[in-house]
Amino acid sequence: MTLSQVSVPLTKDQAYALVDAVMERDELALTASAHEDATTGEWVFEATCEMLPDLLAFEDLARTTLGGEVDFTIAPVDPEVNWVAKSLEGLRPVTAGGFYVYGSHEPAPPPAGLIPIRIDAAEAFGTGHHETTTGCLEAIERTLKRAKPRHMLDVGTGTGVLAIALAKRTHLTVVASDIDPIATKTAIENAHDNGVGRHIVAVTAPGLEHQVIARSGPYDLIVANILAGPLVELAPAMGRAAARHATIILSGILVTQAARVVSAYSRQGMVLHQRLERGEWATLILEKR
C-alpha cells in the first residue's frame, strides 16, 4: 500500500485540535498525531494517508478548525514504519493528578511519591500528554479523595492510561472499552506492563453496547475521554449505566463545547460538580442525582 504524509508546524493546541478534527473524518487519513519536534522544539501536526491526500479537504478543515490558512507539506512515507509511534517517541514524561506517565525510552527512574504509569507510543490515542488526558488524571485524583467507587468504566480507553490509573489507585476491576480493536489490544498489553493486567477487563464495543459492560454495571465511576459529539450521543446510555450518586468524568471537549455536553447530561439527571480547564480543553466532573 502506498502511503503519504501530510504535515505542518503549528502551536500545540492547534496541532491537537486539528488531530481531533481529522480523526472525525474517516475518509481523510489512516492516522493523525501531534508531537513536539525534538530538534526544533516546535509542535507538528502529521497525518498518514493512503495514496495521495485530499489536500483541498485538509486545507478546508484547517480553515474551519483553526480559523486561518495552513500550508501543508506532503511527502511519501515507508508503509512499514508505525508513524504514530515514531512521532511520539520523544515525548517527555507528564505529571498529573499524582501520576507520572512516561515512556520506556525515558532514562530517569520515576520520582518517589508519584504513581508511575508506563505508556509507550502505539497505534492508539492516549500517551498522557494531551490536556484532555491530564485533565482526566487530575479529575480522577479529586474524585478518589471524596469517593470510593467499586464499579468503574472507562469508555474510549485508547491506550488504557485512565483505566490503568484507576486500577493502580483502587486495586479494583475496571472495565475498559473502545470501538477500535487495536486500542483494546494496546490497553490490555499496557495493563500487563503496568502490573494491573488482572484488574482490567478490556472489550471492543461501540459506545456501551457490550454484554460485559451491561452485566458489570451499574457503575459508580465512569470516565470517557473521547469527543464532544460522541459524548452527547452517549448521554442516555451513560445515564442508564450510572448508579445513583455516580461520578462521571468527561473530556475530549473544547471549552466552547462544554455547555452543550453539560446540557445533554443534565437531561439524564447528571449535574456539573466541577469543571477543569487546560488550554482550550475542558474536563467535566458530573454527579448523577
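Can you tell me which residue within region 258-267, out of those that are surrounded by fewer than 18 Cβ atoms within 10 Å (Cβ to Cβ) and of a type outside the set (Ser, Thr, Tyr), is nearest to residue 222 (Cα to Cα)?
Looking at residues that are surrounded by fewer than 18 Cβ atoms within 10 Å (Cβ to Cβ) and of a type outside the set (Ser, Thr, Tyr), I get 267.
Which residue pairs have Cβ atoms closer than 8 Å, lie 6 or more positions apart in sequence or on different chains, and pair a first residue in region 145-164 that is surrounded by fewer than 24 Cβ atoms within 10 Å (Cβ to Cβ) and charged (D, E, K, R) with a second residue that is part of a strand (DSSP E or B) and at pLDDT 95 or above?
150/220
Right, residue 252: under 17 Å from the mean Cα position of the chain (by Cα), closer than 21 Å to residue 17 by Cβ and either of a type outside the set (Lys, Arg) or buried (at least 18 other Cβ atoms within 10 Å of the Cβ) (or both) or not?
Judged against the criteria, residue 252 is a match.
Just need a number here: residues in region 171-187 that are of a type in the set (Val, Ile, Thr) and at pLDDT 95 or above.
The number of residues fulfilling the criteria is 3.
Residue 227 fails exactly one of the following numbered conditions: (1) in contact with an Asp or Glu (Cβ under 8 Å, 6 or more places away or on another chain); (2) surrounded by fewer than 18 Cβ atoms within 10 Å (Cβ to Cβ); (3) of a type in the set (A, V, I, L, M, F, W, C). What is the number of that condition?
(2)
I need the strands (runs of 3 or more DSSP E) fully contained in region 175-262, keeping only those with at least 1 residues that are hydrophobic (A, V, I, L, M, F, W, C) and within 21 Å of residue 25 (Cα to Cα).
Here the list reads 219-225, 242-254.
Only residues in region 111-130 that are in a loop (DSSP other than H, G, I, E, B) and small (Gly, Ala, Ser) count as the first member; pair them with residues that are surrounded by fewer than 21 Cβ atoms within 10 Å (Cβ to Cβ) and at pLDDT 85 or above, Cβ under 7 angstrom, at least 6 apart or cross-chain, and list the lot.
Listed pairs, sorted by first residue: 124/180; 124/182.
Being of a type in the set (Phe, Trp, Tyr) and either touching a residue at least 40 places away in the same chain (Cβ under 8 Å) or not in a strand (DSSP E or B) (or both) is the filter here, so list the residues in region 1-52 that pass it.
The one that is of a type in the set (Phe, Trp, Tyr) and either touching a residue at least 40 places away in the same chain (Cβ under 8 Å) or not in a strand (DSSP E or B) (or both): 16.
Based on what the data block shows, is residue 254 closer than 20 Å to residue 162 by Cα and out of contact with any His (no Cβ under 8 Å at 6 or more places or on another chain)?
Yes.
Being free of Cβ contacts under 8 Å to residues at least 40 places away in the same chain, in contact with a Lys or Arg (Cβ under 9 Å, 6 or more places away or on another chain), under 17 Å from residue 153 (Cα atoms) and not polar (S, T, N, Q) is true for just one of 172, 250. Which residue is that?
It is 172.
Which count do you get for residues in region 12-36 that are closer than 22 Å to residue 281 by Cβ and exposed (fewer than 15 other Cβ atoms within 10 Å of the Cβ)?
2
For residue 240, all conditions in the list (1) in contact with a Cys (Cβ under 9 Å, 6 or more places away or on another chain); (2) surrounded by fewer than 19 Cβ atoms within 10 Å (Cβ to Cβ) hold save one; what is the number of the exception?
(1)
Any chance region 65-83 includes a residue that's out of contact with any Asp or Glu (no Cβ under 8 Å at 6 or more places or on another chain), charged (D, E, K, R), at pLDDT 90 or above and assigned to a loop (DSSP other than H, G, I, E, B)?
yes
Would you point out which residue out of 287, 209, 189 is farther than 30 Å from residue 104 by Cβ, under 20 Å from the mean Cα position of the chain (by Cα) and acidic (Asp, Glu)?
Exactly one residue qualifies, and that residue is 209.
The values are calculated or read from the model by the stated rules, or taken from the named source; none is laboratory data. What you are looking at is a predicted structure, and each value in this text was computed from that prediction instead of being measured. Every residue, glycine among them, receives a Cβ derived from its backbone with ideal geometry; neighbour counts consider all protein chains shown.
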